[in-house]
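Laboratory data are not the source of any read-out in this text; all were calculated from the coordinates shown. What you see is a predicted model; the values in this text were computed from it and never measured. Here Cβ is always computed from backbone atoms with ideal geometry, including for glycine, and neighbour counts include all displayed protein chains.
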Amino acid sequence: MGRKTILLLLVGIFTAYYGYTPLPDNIEEPWKLIGMTFISSTISNVALVGEVLGINHFMNTLMFFKSFQDVPPTSDEIVTVMDTTFSNVPVRVYVPKRKSEALRRGLFYIHGGGWCLGSAAQYSYDVLSRRTADRLDAVVISTNYRLAPKYHFPNQFEDVYNALKWFLRKDILKGYGVDPKRIGISGDSAGGNLAAAVTQQLIDDPDVKIKLKIQSLIYPALQTLDMDLPSLRENSQIPPLPKSLMVRFWSEYFTTDRSLEKAMFVNQHVPVESSHLFKFVNWSSLLPENFKKGHIYSSPTHGPSELARKYSGFLDVRAAPLLADDNKLRNLPLTYVITCQYDVLRDDGIMYVTRLRNAGVRVTHNHIEGGFHGVMTFPGFKIGHRVENQYLSWLSENL
Ligand SMILES: *[C@@H]1O[C@H](CO)[C@@H](O)[C@H](O)[C@H]1NC(C)=O
């Protein structure tokens, strides 16, 4: 065999290896997802090699590649876009250009990326914010926050909370022409986690007089206790968020020490002293029958107390909003939740829907059959456009 043949063979094997992603039948446009997975798993492998060789932290390599998707704050004929800071937290603000007689609605948006990646400047979030501002004739604040692995919980939470509190000041709202009675919060994935967490925190904050009218949680991560939910079992290999990556994100939120990740992956990270918390994430009682099909609930397993002592954040309600009790949940605003069929985080969202409804909160649940994690902000998917339209219509009617 000539050298060229060998090279061709290697490229062939490489392509087949990465290109082969076993996908369920009802995923639309599977080739787009396969193509995207090919790119992201290649980057992911580069990041893994970099980490094994001790060159760069896994997440920092991913962030390096992601940062190429950032765009500057460019105004167009429809919306004025500017970068500024709210209480020292960098945010991107979108204000519609058309004249408005009345005060506008306001939406505070939090990007996803596993508490490690992403930015308000990322192309897909920039586009979403522009569309939101235009469709709703609303002022959109797209916030940034400090990211892991450099910063851990509760920095992410606190940045978002501080920026939100700043926005909710009377003088700030007035400056942007925003109606204090029509302000909502929204976020996807880790941003959905932060949206749910700060919305809970806001209820009891005596310093904040202006409250939120709605919260919108797009395939949010909401709990750290049970890493063996039916959705985690069924979708553990489904791109773009396999269970291994989700567990890595979760653990990086709290620490760079890989022992938490290892314990989480086998679901042995919650100490026996915290057993009472499991009732808040009991999928056996919180999931509707059709999502439990074929799964057998087994009692939670426990891990060493040492992990929870060192990294107590993973048992903190500000990191895991499903750990809030019903008295807290009862006071939450009108809620919109998107979940996707092929997503490890599906059951986090569904359990929150059940718990909120049990507590008397009005919830619209939009479950996307054939949807996968991140579906709304991956450019170019038809299903993503449909979901975005449903989301914007809901906001338009309810905010
Ligand atoms: C979970 O709920 C089931 C009933 O659906 C119950 O038998 C089980 O004891 C509960 N487990 C925990 C830890 O709350």
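Quick notes on this one:
- Region 298-323 - residue that is crowded, with 17+ Cβ neighbours inside 10 Å and in a helix (DSSP H, G or I) and, of those, farthest from the ligand (Cβ to nearest atom): 313
- Note on region 241-292: residues that are charged (D, E, K, R), more than 15 Å from the ligand (Cβ to nearest atom) and either without any contact (Cβ under 8 Å) to a residue 12 or more places away in the chain or touching a Ser or Thr at 6+ places or on another chain (Cβ under 7 Å) (or both) amount to 4.
- Verdict on residue 331 being away from the ligand (no atom under 14 Å from the Cβ), without any contact (Cβ under 8 Å) to a residue 40 or more places away in the chain, closer than 30 Å to residue 183 by Cα and surrounded by fewer than 22 Cβ atoms within 10 Å (Cβ to Cβ): no
- In region 59-84, the residues that are among the polar types (S, T, N, Q) and within 20 Å of residue 127 (Cα to Cα): 67, 69, 74, 75, 80, 84
- Listed by position, the helices (runs of 4 or more DSSP H) contained in region 218-265 that have at least 1 residues being under 12 Å from residue 114 (Cα atoms) are 243-254.
- Matching residues, region 216-263, being in contact with a Pro (Cβ under 6 Å, 6 or more places away or on another chain) and buried (at least 19 other Cβ atoms within 10 Å of the Cβ): 222, 252
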